[in-house]
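Below is one structure, written out as structure tokens; comments come after it.
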Amino acid sequence: MFGKVWRAFVAQVNKLANFFWEMDPIAQMQLEYDNAVEQLKEGRTGLEQYRALVERVTRQVKGDEKRIADLTAKVKSYLAVNDRDTAGKFAIELKRAQDELKENQEQLQLHETSYQNYLTKIQHATKKLHELQGKIQKYDAELKMSAAEAEVSKLAQSLNFDVTTDFGQLEDVIQRKIDTNRAKVRVAADLSGEGVQEIEAERRVEQAQAEDLLRQFEVDMGLKTPETAGIQPREKTLGSAETTPEQKEAALKEVEKQIGS
């Protein structure tokens with residue numbers, strides 16, 4: 001029973017870990033890269049310490065070689081003066097120095113080989129890290145671009161001005177408002193011209209009446225004859241008398257009144 005509960009718990013934890021793992025893969029890659037960089041820094045520090053060991057052994061080898069050279073010279077010198085006892089002591093010391101040199105040379109070769117191997121591995125790891133950094137930047141850019149393309153694709157679909165889409169319906173509302181505004185303008189223009197023909201006809205009638213009255217006035221005042229004024233002579237009715245000055249003055253006032261109205 002406990003084992004089942006534990007496995008179920010582990011499965012849920014793994015599911016949660018996968019969720020966070022996949023939620024931001026670029027961040028996960030960057031984390032792995034940072035961890036690798038830290039490990040590489042530690043490896044470089046270790047390599048520096050190992051190189052210090054190699055330098056110390058190298059210094060020992062050089063010291064042994066100098067010591068052997070000195071002992072060899074002393075053995076030769078004492079042999080030259082036939083002091084074999086002293087020469088023998090230096091010969092024994094020379095043999096020990098040669099054995100130490102051989103051992104140190106073997107150690108130096110071993111350490112130098114190991115150092116070169118470690119150096120090659122760290123150089124390779126550094127190169128891989130540079131490549132990984134480039135990949136992270138590339139993947140990050142491609143991921144952002146692909147996300148942007150997906151958003152643009154969705155936006156392009158949503159911007160479809162079909163009547164079944166929101167934008168299409170909004171466009172229809174806008175067009176209806178435009179039609180309504182244009183209709184208001186047209187109606188206002190049509191109303192502004194209502195009765196214009198009738199008014200114009202009435203104005204022409206008044207002008208014609210005024211012109212007739214003026215012509216008649218010119219004839220009555222003796223300024224023109226009916227023929228020159230373009231007025232047909234009036235037919236005198238039976239019992240009609242000539243126009244008196246009072247009648248002419250009344251007719252003039254009537255004409256002025258008509259003109260003023």
Of the residues Asp70, Asp83, which is farther than 30 Å from Gly46 by Cα, at pLDDT below 90 and over 60 Å from the mean Cα position of the chain (by Cα)? Asp83
Looking at Val37, Val61, can you tell me which residue is more than 60 Å from the chain's Cα centre (by Cα) and part of a helix (DSSP H, G or I)? Val61
Go through the stretch 45-65 residue by residue and tally those that are farther than 24 Å from Lys102 by Cα and surrounded by 13 or more Cβ atoms within 10 Å (Cβ to Cβ). 1
Residues of the stretch 66-108 being exposed (fewer than 15 other Cβ atoms within 10 Å of the Cβ) and within 30 Å of Tyr50 (Cβ to Cβ), in sequence order, are Lys66, Ala69, Arg96, Asp99, Lys102, Glu103, Glu106
Among (1) polar (S, T, N, Q); (2) surrounded by 12 or more Cβ atoms within 10 Å (Cβ to Cβ); (3) more than 30 Å from Tyr33 (Cβ to Cβ), where does Thr126 come up short? (3)
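The values are calculated or read from the model by the stated rules, or taken from the named source; none is laboratory data. Please read all numbers here as calculations on a predicted model, not as lab measurements. We place every Cβ from the backbone using ideal geometry, glycine too, and count neighbours over all the protein chains shown.
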